[in-house]
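First the structure, then my questions, so here it is.
The values are calculated or read from the model by the stated rules, or taken from the named source; none is laboratory data. Keep in mind that what you see is a predicted model, and the values were worked out from it rather than measured. FYI the Cβ positions are ideal-geometry reconstructions off the backbone, even for glycines, and counts take in every protein chain you see.
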Amino acid sequence: MTTESVDVLREVPQGAEARVAELYWEAFGGKLGAALGPPEAGRRFVAGHLHRDRAAVAVTGGRVVGVAGYQLAGRGLVGGDAAAVRAQYGRVRGLYRVFLLALLERTPTRGELVMDGIAVDPAERGRGIGGLLLREIDAVAAEQGCRRIRLDVVAENPRARALYERHGFRAVRVRRTPWLRDVLGFGAVTTMHKEVER
């Protein structure tokens, strides 16, 4: 574990797209694999379709060690429409992948920022990087006039849920999704909210 200081930026640094895709895939590849896998193709898709201004990014020693993506005003951290998916994966295989991605889609309501998840380098965990990223997301939401931050966390990730609870998120709904366990790797999703202080 490094002892260097951590800086938090409001966008993905130019040239760090592949690194962010690597972190994102390490954290969410189990969930995204069916739609965007195999891993090399998935990381390439994520890197090629990043909206760099939809992230809080933790950097230490010039290296990206964490990222928290969010959706706001119709754009999230990872873009790429159905045409982009079909262009990379083919017309027939792409259609199935578009369907799977639609199952994961979460659209913000008015006055809401939706988080796309947090990914922290495994070697850097335990340094409070997740908390730093969440505080930056809080600041973005407040500056954008949002009243609430919303996120979904799968039942198979209790560590992430504990982090969110420590930072003021509360569970508001649990959706059982047993039909998705074999395809996307999770059987329940908890929606969590945090009111934004202004």
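Can you pull out every residue in the stretch 70-104 that is hydrophobic (A, V, I, L, M, F, W, C) and more than 23 Å from I149 (Cα to Cα)?
A82, A83, A84, V85, A87, V92, L95, V98, F99, L100
Filter the stretch 157-180 down to the residues that are more than 19 Å from E112 (Cα to Cα) and surrounded by 14 or more Cβ atoms within 10 Å (Cβ to Cβ), then identify the one that is modelled with the lowest pLDDT.
The qualifying residue modelled with the lowest pLDDT is L180.
In the stretch 35-54, how many are assigned to a helix (DSSP H, G or I) and surrounded by fewer than 18 Cβ atoms within 10 Å (Cβ to Cβ)?
Residues in the stretch 35-54 being assigned to a helix (DSSP H, G or I) and surrounded by fewer than 18 Cβ atoms within 10 Å (Cβ to Cβ): 5 in total.
Let me ask something else. Hey, any hits in the stretch 99-118 for a residue that's of a type in the set (V, I, T), in contact with a His (Cβ under 7 Å, 6 or more places away or on another chain) and closer than 24 Å to R161 by Cβ?
No, every residue in the stretch 99-118 fails to be of a type in the set (V, I, T), in contact with a His (Cβ under 7 Å, 6 or more places away or on another chain) and closer than 24 Å to R161 by Cβ.
Which one of the conditions (1) within 18 Å of Y89 (Cα to Cα); (2) over 17 Å from the mean Cα position of the chain (by Cα); (3) not acidic (D, E) does G48 fail to meet, given that it meets all the rest?
The failed condition is (2).
Let me ask something additional. In the list G48, G94, G66, G90, which residue meets the criterion of being modelled with pLDDT of 95 or more, over 26 Å from A141 (Cβ atoms) and small (G, A, S)?
G48
Taking V8, is it more than 13 Å from the chain's Cα centre (by Cα) and not in a helix (DSSP H, G or I)?
It is true that V8 is more than 13 Å from the chain's Cα centre (by Cα) and not in a helix (DSSP H, G or I).
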